[in-house]
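K.L.:
One structure follows; several queries about it will come next.
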């Protein structure tokens, strides 16, 4: 039992002495990275005004200490940590202690001082080193941190509520699936393991989500970790009752049943949902990426490629398994052999999975099914430009032979999936292709690099190195590559785009900083002059289109027109900043979406933010209500924009997902870290993950993720102007 000793309380100038023993209730919220929010409630009444109390708190980090009662604030705190031998010797100065020299051999000596060591024997002689191992009285030893607090209460309170962030407890989710034909028996547990925190009879919540961490624990916190944890038995106490769950902000909180005792080295496992039976499908997939690098030539040995084994576990709605948000963890697949013994046949990591979304994981590669891929032909030809002034186009034709060998006794179905950046199609195949199959794709969404005096070059270089590891299907740069539309700025922007193209196809559009608006302001025709530098370095096409087969069609709309009638504003400083979405741009985007294959996600790229910036409280577009209506009516599912320098992910009218990229320059909004977004699109959902710059680690770290259910796009009839 934890104790709270009240030293005294000042109220109206009088010292109120309280010394009754207090009973504390404990509640813990445990995070996957080892952080623990500890909430303690003591049955100690507080007087209005200033109160001085002393509390014994386990694993206390004093910098994080606060009161959860909005009527109480922590005025000051002084913390003394658990005693070490040198601490107690210093406190024992002037006292006579017993010292153990050997088994059954003790000697008594008076501690004169601890540093330098001086001891006086009963006969008066002095020792300048310890006479043995000291035996300390219990009252000299602090076993837990002791916090002396001064609390200010705006009104009298019946209890004292304290909270702080501790370290040393982690949890993990583990899912087991026993495969039986086309169904699987699914169970899931969350296991809590403490390294150095103890708590008696505590309420425990597990928090799942991407919670950013900037502050590292202090060394003082870790210096009193419990010894001998490794020697304790790893006894798992399995709780039979089930957890309950609720959403809090962008996290999910799982309440473990009952009150638990947390001890170092004793894991506690709890079921996340009742054991369930769910439909299960296995897929054998040969991944392929058609090479655009030219003719590879004959190889002495065929290129062997893996045959991946994928499992999809269906999560039906209105079931305990389907309606439960599943925290990220590890999924293990088991199957019984001929004697009924279950064998581990696959293991994979799963991400946070929203309610109703299926679990799809790659368990490994096939053993008895192999594949070989050989390029057999290659041709390259030049095509005329789409219109005068644009560069020539190029068409590449490549041929491949894929040979699949099945050593099993039964026939199997193997999917050969080809992925190609840009616009492409299969013109001939020995097996009829299925182009309408929708895949999961990832788009890296970047904006506002502002190469020039405000560019943050170390951050940009870190992103350049990181892009290949993200393995995106496309990279979108949503404008403002430059700061002042200067040659040197565009040269650096071109170098960035070219390096990004080594990873994935890149789509760029101009932003307001890329426009030489001063050359032809207010002239409604012949606007080519204002985009001259942009086109020279980043391509003649201002509104490019990119298709990811089986994934998405990405169209773009020009909203940066410089000083133009459509974006006039009474604010002089914004005269070349505001954007405008003309009707002709929306009609062109509608046509692109209308011609795209069914099932592809309709993605629109524009520079100016479509929704109001939370910190700036500004809209990026003039006539923004009309622009929002036009975007929705064009059949848009997802908008990728930037301009506001603050990252965001929201929905327009509950239909259109809007991903707003932050900035990679030194002009971040509100002192926030620079960031970029990764947009993941699958057949059922759109997820936007923010990657924020960690200045301590000098790299980008994935932060919170916003998820939205996908809805089938519908082209609205054009509204009359």
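K.L.:
Quick one: which of 155-163, 636-644, 322-330 comes out on top by average Cβ neighbours within 10 Å, and what's the full order, highest first?
P.N.:
Result, highest mean Cβ count within 10 Å first: 636-644, 322-330, 155-163.
K.L.:
Further question on the same structure: Have a look at the DSSP beta bridges in region 441-709 and tell me what percent are antiparallel, nearest 5. Mind dumping the intermediate values first?
P.N.:
Values: 30 of 51 bridges.
Percent antiparallel among DSSP bridges in region 441-709 is about 60.
K.L.:
When the Kirkwood hydrodynamic radius is evaluated over all pairs of different C-alpha atoms of region 606-681, what value in angstrom, to one decimal, is obtained? Mind dumping the intermediate values first?
P.N.:
On the way: mean 1/r = 0.0788 Å⁻¹.
Result for region 606-681 stands at 12.7 Å.
K.L.:
Once you place label points 7 Å from the Cα toward the Cβ at residue 215 and residue 48, how far apart are they in nm?
P.N.:
Each label point lies 7 Å from its Cα, and together they span 3.2 nm.
K.L.:
Can I ask one more? Using the alpha carbons of region 441-709, what is the convex hull volume per residue in cubic angstrom, as a whole number?
P.N.:
Details: hull volume 32.1 nm³, N = 269.
Taking the convex hull of the Cα positions in region 441-709, it is 119 Å³ per residue.
K.L.:
Still on this structure: Between residue 90 and residue 156, what's the calculated FRET efficiency when r is the beta-carbon distance and R0 is 60 Å? Round to 0.05.
P.N.:
That pair, residue 90 with residue 156, gives E of 0.90.
K.L.:
At 7 Å along the Cα-to-beta-carbon direction for both residue 244 and residue 101, put a label point, then send me their distance in nm to one decimal.
P.N.:
6.4
K.L.:
Please work out the C-alpha center-to-center distance from region 327-399 to region 464-491 and express it in whole Å.
P.N.:
If we compute the Cα centre of each part, the gap is 27 Å.
K.L.:
What is the extension gain from residue 74 to residue 136, computed as 0.36 nm multiplied by their sequence separation minus the C-alpha to C-alpha distance, in nm to one decimal? It would help to have the intermediate numbers written out before the result.
P.N.:
Numbers: separation 62, 0.36 × 62 = 22.32 nm, distance 3.37 nm.
Gain on stretching residue 74 to residue 136: 18.9 nm.
K.L.:
Moving to a separate point now. I need the peptides 482-489, 591-598 ranked by packing, meaning the mean over residues of other C-beta atoms within 10 angstrom, with the highest value on top. Mind dumping the intermediate values first?
P.N.:
Values: 482-489: 17.9, 591-598: 13.8.
In decreasing order of mean packing, 482-489, 591-598 become 482-489, 591-598.
K.L.:
Highest first, please rank the peptides 659-669, 443-453 by the mean number of other Cβ atoms sitting within 10 Å of their residues.
P.N.:
So the order, starting with the most tightly packed, is 443-453, 659-669.
K.L.:
In addition: What Rg and what Dmax come out for region 574-721 when only alpha-carbon atoms are used, in angstroms?
P.N.:
According to the Cα coordinates of region 574-721, Rg and Dmax are 15.9, 54 Å.
K.L.:
Once the Cα atoms of region 317-407 are picked out, what are the Rg and Dmax in Å?
P.N.:
Calculated on Cα positions, Rg and Dmax stand at 23.7, 73 Å.
K.L.:
Enumerate the residues in region 329-357 having an amide nitrogen under 18 Å from the point lying 7 Å beyond the Cα of residue 183 toward its Cβ.
P.N.:
Answer for region 329-357: 334-336.
K.L.:
Multiply the residue separation of residue 710 and residue 612 by 0.36 nm, subtract the distance between their alpha-carbon atoms, and state the gained length in nm to one decimal.
P.N.:
Length gained between residue 710 and residue 612: 33.0 nm.
K.L.:
Let me ask you something else. How much FRET efficiency would the formula 1/(1 + (r/R0)^6) give for residue 277 and residue 698, where r is the Cβ-Cβ distance and R0 is 41 Å, rounded to 0.05?
P.N.:
After rounding, the FRET efficiency stands at 0.30.
K.L.:
Same structure again: How high is the FRET efficiency from residue 415 to residue 318, r the C-beta distance, R0 25 Å, rounded to 0.05?
P.N.:
Once the sixth-power term is evaluated, E becomes 0.20.
K.L.:
Shifting gears a bit: Starting from the Cα-Cα distance between residue 377 and residue 430, subtract it from 0.36 nm times their residue separation and give me the gain in nm to one decimal.
P.N.:
That works out to 17.5 nm of additional length.
K.L.:
Sticking with the crude label model, points 7 Å out along Cα→Cβ, report the distance from residue 629 to residue 487 in nm, one decimal please.
P.N.:
4.7
K.L.:
Using alpha carbon coordinates only, what is the Rg to Rh ratio of region 85-140, with Rh defined as the Kirkwood radius? All intermediate terms of the calculation are to be shown ahead of the outcome.
P.N.:
Values: Rg = 10.4 Å, Rh = 11.2 Å.
Here the Rg-to-Rh quotient is 0.93.
Readers should treat all values here as calculations from the given coordinates under stated rules, not as data from a laboratory. If you're wondering where the values come from, they're calculated on a predicted model, not measured in any experiment. Positions of Cβ are generated from backbone atoms using ideal geometry, with glycine treated the same way; all protein chains shown enter the neighbour counts.
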